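Have a look at the structure below before the remarks.
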Amino acid sequence: MKKHKNNASDFIGWLTPRGSVDCLIGRTIDDVYIHEAYGSILSVSFLTDDEVVIMGHGQESNEYVELISVDGSLDDLIGKTVRDARMETKSGDNDIMGNSYTWTIFHIHTDLGSVVMRWLGGSNGYHSEEADLLIISLDEFMEALVQ
């Protein structure tokens with residue numbers, strides 16, 4: 001697993017929702033990239049043979065979305081074939097400031113174990129609070145990574 005700091009915004013800006021986590025089913029994860037900024041994990045990228053699946057959120061305004069917890073190790077996914085992958089969301093509107101929030105939970109399962117990633121997003125209720133998925137070509141990802 002590789003961590004990248006300071007260039008996370010290069011990837012986050014691409015996150016116009018496009019794709020579903022089940023696109024990982026049957027694919028082998030070759031590597032995982034973590035993109036951090038301001039002390040938070042803002043996106044996680046899963047590299048396969050020819051595509052990259054990026055989880056994160058393209059910020060619109062004053063909302064936030066960040067990875068809060070991971071059950072299991074992302075490193076354990078590397079070199080494994082994904083057997084099942086799904087996403088669920090849970091929303092509410094009772095935080096201390098009266099803002100709404102959304103949990104986006106991704107489950108990724110291989111023959112040797114599983115990883116559960118919990119993303120939390122919040123806003124005043126007028127912006128998306130979910131973690132999104134973007135699927136791009138491996139070439140496009142590596143080109144942006146070098147810049």
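Taken together, the values in this text are just the output of simple stated rules run on the coordinates, not laboratory data. From a predicted model like this one, the values you see are computed outputs, not experimental measurements. Please note: Cβ atoms are built from the backbone with ideal geometry, for glycine as well, and neighbour counts cover all protein chains shown.
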Quick one: which residues, 5 or more positions from Glu51 or on another chain, have an amide H under 5 Å from its amide H? H modelled 1.01 Å from N in the peptide plane, none for Pro or chain starts. Leu138
How far apart, in nanometres, would the label points at Ser69 and Ala37 be if each is projected 7 angstrom from Cα along the Cα-to-Cβ direction? 2.7
Place a label point 7 angstrom from the Cα of Ser61 along the Cα-to-Cβ direction, then list the residues of the range 127-146 whose backbone nitrogen is under 15 Å away. 127-130
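Run the numbers for Asp22 and Ile78: contour at 0.36 nm per residue of separation, minus the present Cα-Cα distance, in nm. Write down the numbers at each step before the final one.
On the way: separation 56, 0.36 × 56 = 20.16 nm, distance 1.70 nm.
Full extension from Asp22 to Ile78 adds 18.5 nm.
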For His107, His35, ascending order of other Cβ atoms within 10 Å (fewest first) is His107, His35
With r defined as the distance between the Cβ atoms of Arg118 and Ala144 and R0 fixed at 25 Å, what FRET efficiency is calculated, to the nearest 0.05? 0.40
List Phe141, Phe46 from most exposed to least, where exposure is judged by having the fewest other Cβ atoms within 10 Å. Phe141, Phe46
Gly113 neighbourhood, Cβ < 13 Å, K/R = +1, D/E = -1, net charge -3
Using modelled amide H (1.01 Å from N, peptide plane; none on Pro or chain starts), what sits under 5 Å from the amide H of Arg27, excluding residues fewer than 5 places away? Val82
Phi-derived 3J(HN,Hα) across the range 116-121 with the Karplus relation (6.51, -1.76, 1.60, θ = phi - 60°), rounded Hz, x for Gly and Pro, is 10, 10, 10, 9, 10, x
